[in-house]
């Protein structure tokens, strides 16, 4: 996709071919499997330029480029793939392209002379390149959805923090946060595909995507570390969550089991106590190593909140100054994030 994205020389040549309605069959790859299918034509081995590729496409035969697309190796050649390879295409050019791609595993590009479309084949994959404005519209729509999901996730995280500071968090609160975070990640993956397809036209989309995704994965990791059941590995839980389908992500029981909890009736209302990784990381000027020492020493966030200044001072890396900062920071968070009242959610 990046090889044929707007801004590349190959895409410029393909757009010229589309506008001229000449059609083309281009193989990007010079492996022995490809060269075994080449019959006739002209060996060139010259640098690829959009203008030259456009001119060569005026001939009926196929064009063979180097694997990086930087050189034109053959022009006006005939490709003879195995006719027994299945193809769902009707036209000769597209049927040849599909069979060559399946037989060689290389990228093959077919430009339709009548329909003005660019179709990519690689192995068993087939993809029709949409117009750039269409892709850009889809990317902007996905960004709007991502922005809404991020806003809701931030509210959910505030509510979870408020519940944690009162030791009143439930498994349902945790599951809701993880669901939002995973959905944001999936939307981000989709937008990244659009960015790759947009090439130079997608830099603004990519910039906004980076801003919207900033910190999301870290927050999800900290939530998992806070609530994963004893004996389970956070990394394995995160990998499991990433592998879930969208339908599975909507199932609270699936997410609860992924964290290592039993899904008995009413499991979403089960009270759970955080270890404190996420909340303690929010205390200003508290290094990650010190947070780890606090969690290792006290086990759970409520124990840290109820600890005396002297007991905090005894933790490695704390000292009296940091001990006061921890207590004051937790107190300030509790005052700034009020406990939520009854709410109705979809």
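The numbers here are math on the coordinates, done by the rules we state, and not lab data. Note that the coordinates shown come from a computational prediction; the quantities given were computed from them, not determined experimentally. Glycine gets a Cβ as well: all are built from the backbone with ideal geometry, and neighbour counts include every protein chain shown.
Some observations on this one:
- Candidate set from the stretch 179-205 (those that are free of Cβ contacts under 8 Å to residues at least 24 places away in the same chain and within 12 Å of the chain's Cα centre (by Cα)); member that is surrounded by the fewest Cβ atoms within 10 Å (Cβ to Cβ): 189
- If you go through the stretch 248-294 and pick out every residue that is out of contact with any helix residue (DSSP H, G or I) (no Cβ under 9 Å at 6 or more places or on another chain) and over 19 Å from residue 329 (Cα atoms), you end up with 5.
- Residue that is farthest from residue 22 (Cα to Cα) [pool: residues in the stretch 43-52 that are surrounded by 15 or more Cβ atoms within 10 Å (Cβ to Cβ) and over 34 Å from the mean Cα position of the chain (by Cα)]: 44
- All positions within the stretch 136-159 that are more than 17 Å from the chain's Cα centre (by Cα) and either over 19 Å from residue 214 (Cβ atoms) or outside any helix (DSSP H, G or I) (or both): 136, 137, 159
- Residue 231 vs. criteria over 21 Å from residue 161 (Cβ atoms) and in a loop (DSSP other than H, G, I, E, B): yes
- Filtered residues of the stretch 160-178 (kept if assigned to a loop (DSSP other than H, G, I, E, B) and surrounded by fewer than 21 Cβ atoms within 10 Å (Cβ to Cβ)): 166, 167, 168
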